[in-house]
1. If you take the residues in the stretch 1-36 that are within 19 Å of VAL166 (Cα to Cα) and in a loop (DSSP other than H, G, I, E, B), which one is most open to solvent (accessible area, probe 1.4 Å)?
2. For the stretch 116-126, state whether one or more residues are within 24 Å of ASP61 (Cα to Cα), of a type in the set (S, T, N, Q) and over 14 Å from the mean Cα position of the chain (by Cα).
3. Could you please let me know if GLY135 is on the phi > 0 side of the Ramachandran plot and either open to solvent by less than 50 Å² (accessible area, probe 1.4 Å) or among the aromatic types (Phe, Trp, Tyr) (or both)?
4. What's the number of the condition LYS106 fails, among (1) surrounded by fewer than 16 Cβ atoms within 10 Å (Cβ to Cβ); (2) at pLDDT below 95; (3) under 22 Å from VAL8 (Cβ atoms)?
5. Could you tell me which of the residues ASP47, ASP83 is at pLDDT below 80 and either over 16 Å from GLY17 (Cβ atoms) or in contact with a Leu (Cβ under 6 Å, 6 or more places away or on another chain) (or both)?
6. Need at least 3 residues that are aliphatic (A, V, I, L, M) and either touching a strand residue (DSSP E or B) at 6+ places or on another chain (Cβ under 7 Å) or free of Cβ contacts under 8 Å to residues at least 24 places away in the same chain (or both) per element, so show me which strands (runs of 3 or more DSSP E) inside the stretch 68-181 make the cut, counting only ones lying wholly within it.
7. Counting only residues that are open to solvent by less than 20 Å² (accessible area, probe 1.4 Å) and within 11 Å of ASN31 (Cβ to Cβ), how many does the stretch 48-65 have?
Amino acid sequence: KRVNPSVVSIFTEDAIGSGVYFRENSLIATNRHVVGDSSEVIVHFHDSKETPGRVIQSFLDVDLAFIRVTEWPDKMNLPVGCDSAAEGETVFAIGSPKGLSSSLTKGTVSSRARLLKKIKFIQHDAAINGGNSGGPLFNARGELIGLNTYNWIDSQGMGFAIPIAVINEKYSERKTQLDNS
């Protein structure tokens, strides 16, 4: 209930995905594969309002993108980040699988540092499907611990999320550019 308002749906000409309010300066974090080569997207908020968004930075190496919007709905809460996911911890994925916004699934962290594609992902078993990409992974305290990035299609219960520490690191690398865009 507290974190759902920070979750958004993202629409491009080719895809639908999810994102999360990341910084107080109207910044949304999502996956690069959600925005693709688009420079403009449509962002839908939890209250059904929508606004244009501009992709201001993307990182191919970690499948991360930042979007800036000019309008925010009332009662937008900035989620608190937590960079310490624990194996066995209960987690919640919120997103827009198949376009169904604010869908919530629950799971457990299997590995807090599963090395795949040169990145240490959080591996969990919360159900994620097409449209969940870029959506947040929260712990039971409502702290943002990562962005859901992909699952293995031929397996059930194998989801992977970019840890918040990696997202913060990429933000810090381009902070000046991101804050002035």
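The values are calculated or read from the model by the stated rules, or taken from the named source; none is laboratory data. Just so we're clear, the structure is a prediction, and the values are computed from it rather than from any experiment. Heads up, the Cβs are rebuilt from the backbone with ideal geometry, glycines too, and the neighbour counts pull from every protein chain shown. To get the accessible areas, we keep the full protein, side chains included, count just its heavy atoms, and leave off ligands, DNA and RNA. Shrake-Rupley method; radii C 1.70, N 1.55, O 1.52, S 1.80 Å.
1. Looking at the filtered set, the residue picked out is GLU24.
2. Yes, the conditions are met somewhere in the stretch 116-126.
3. no
4. Every condition holds for LYS106 apart from (2).
5. On inspection, the qualifying residue turns out to be ASP83.
6. 90-95, 103-116, 144-151
7. 4
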